[in-house]
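The block underneath contains the structure these notes are about, expressed in structure tokens.
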Amino acid sequence: MNLATVGTGWITASFIEAAKLSGEFNLTAVYSRTEEKAKELAHTHHAAHYYTDIVEMAKSSEIQAVYIASPNSVHFEQALTFLKNKKHVICEKPIFSNTAELDEAYQVAEENGVYLFEAIRNIHAPNFRILKDKLQMAGNLRSAILPYIQYSSRYDLFLKGEVPNIFSSAYSGGALVDLGVYPLFLAVGLFGEPDKVTYHPVILSSGVDGSGTLVLEYQDFVCTILCSKISHSVIPCEIHGEKGTFILEDAAPISEITFIDSQTKKREILSVAQEEQDMVYECINIAEIIETNDDTRYEKVSRLSKIVLSITEEARKQNNIVFGVER
């Protein structure tokens with residue numbers, strides 16, 4: 001499948017690497033606002049074409065799918081451009097700023113006979129499936145703690161008076177939508193949609209959350225998600241049941257899963273070795289859905305994206321975190 005990319009950051013390079021490794025995609029074109037960057041990116045990754053005009057790129061008959069990794073606030077406008085030109089869209093997380101954008105984009109995708117995906121790597125990996133299949137080992141679930149806390153080098157710029165995209169309300173930034181979505185997708189993928197959501201953020205002077213605690217309430221079960229881009233932690237994820245506890249080294253990638261029996265205290269490794277470039281699994285799964293027109297699998301991943309985005313939207317509303325596209 002011929003692939004194009006929008007964005008010039010490290011995440012784009014990683015996705016290109018994963019796409020090639022999957023054997024499902026052929027990088028055909030790249031886009032950047034500046035010709036110099038577009039040309040350099042095309043040369044580095046051996047793409048036949050480069051563009052500085054996104055509309056012209058979207059009209060190309062040589063492109064079947066596009067991966068978008070631009071600033072969060074422009075995902076929606078760019079995705080619509082490609083969807084209306086009958087291109088499948090893979091949009092980096094967070095897919096859009098709010099659910100209204102997501103609903104409209106899904107409608108446009110359906111009208112044009114193409115698919116729209118959110119690029120979220122952990123739920124496509126083999127170890128996620130293993131964890132989901134083995135969840136009953138823990139018996140009745142009672143609690144979970146899922147942290148994703150990584151100090152951002154861009155916070156140093158913020159402290160010097162600059163406002164990088166990830167800390168900007170104008171660009172739909174913040175810790176929850178940038179990092180918190182990883183454990184949030186994990187939680188929703190494992191436990192389903194929560195009954196109640198409460199978010200307790202640390203609000204920065206730019207109006208977005210630098211860190212926060214998200215509480216998901218289920219019947220007889222509470223999941224706590226910790227996210228931050230202004231501090232660092234090495235604590236693992238834990239899922240606690242009456243019969244045992246799962247320990248995950250990280251929410252993304254899910255590289256190691258250990259189960260500890262509550263009675264015997266015996267430890268069992270459940271995880272398998274995964275590709276170091278774990279984005280390859282989302283590339284494979286997305287390509288399979290497109291190539292086989294698997295609407296059942298498509299509806300499952302689409303529903304996950306809708307639930308996660310509705311949760312982050314509710315969390316923002318509770319704390320008056322308003323993105324520029326919503327003003």
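Where a number appears in this text, it was derived from the coordinates with a stated rule and is not lab data. None of these values were measured; they are calculated from a predicted model. With ideal geometry, Cβ positions are generated from the backbone for all residues, glycine too; neighbour counts draw on all protein chains shown.
Out of all DSSP beta bridges with both ends in the chain, state the antiparallel percent to the nearest 5.
Just about 55 percent of them are antiparallel.
Axis of helix 10-22 versus longest Cα principal axis of the chain: the two differ by about 90°, to the nearest ten degrees. For the range 229-308, the Stokes-Einstein estimate of translational diffusion at 10 °C and a viscosity of 1.306 mPa s comes to 103 µm²/s, using the Kirkwood hydrodynamic radius over alpha-carbon pairs. Under 16 Å of direct C-alpha separation, and excluding same-chain neighbours fewer than eight residues apart, LYS59 reaches these lysines: LYS84, LYS86, LYS87. Secondary-structure-derived ellipticity at 222 nm for the chain, considering helices only, amounts to -11000 deg cm²/dmol, per-run term -39500 (n - 2.57) for DSSP H runs with n ≥ 4.
The convex hull built on the alpha-carbon positions of the range 114-229 has an orientation-averaged projected area of 9.0 nm². For the chain, the longest principal axis of the Cα atoms and the long axis of helix 75-84 meet at an angle of about 60 degrees.
Angle check, please: helix 35-45 long axis (alpha carbons) against the longest principal axis of the chain (alpha carbons), in degrees 0 to 90, nearest 10. That helix lies at roughly 60 degrees to the long axis.
Translational diffusion of the range 175-327 was estimated from the Stokes-Einstein equation, with Rh taken as the Kirkwood radius over Cα pairs; at 20 °C and 1.002 mPa s the coefficient is 123 µm²/s. Packing, taken as the mean count of other beta carbons within 10 Å per residue, orders the peptides 17-28, 50-61, 165-176 from highest to lowest as 165-176, 17-28, 50-61.
What fraction of the Cα pairs in the range 109-161, stated in percent, has a spacing above 15 angstrom? Mind showing how you got there, number by number?
Values: 1034 of 1378 pairs.
Result: 75 percent of Cα pairs exceed 15 Å.
Across the options VAL163, LEU141, LEU102, the greatest Cα extent toward the positive end of the charge dipole of the range 80-180 (unit charges at beta carbon of Lys, Arg, Asp, Glu) belongs to LEU141.
Order the peptides 229-239, 184-194 from the highest to the lowest mean number of other Cβ atoms within 10 Å of their residues.
Values: 229-239: 16.6, 184-194: 21.6.
Per-residue mean Cβ counts within 10 Å order the peptides as 184-194, 229-239.
About its Cα centre, the chain has a charge dipole of approximately 480 debye under the convention of +1 per Lys or Arg Cβ and -1 per Asp or Glu Cβ, with nothing else charged. For the chain, the spherically averaged projection of the C-alpha convex hull amounts to 16.4 nm².
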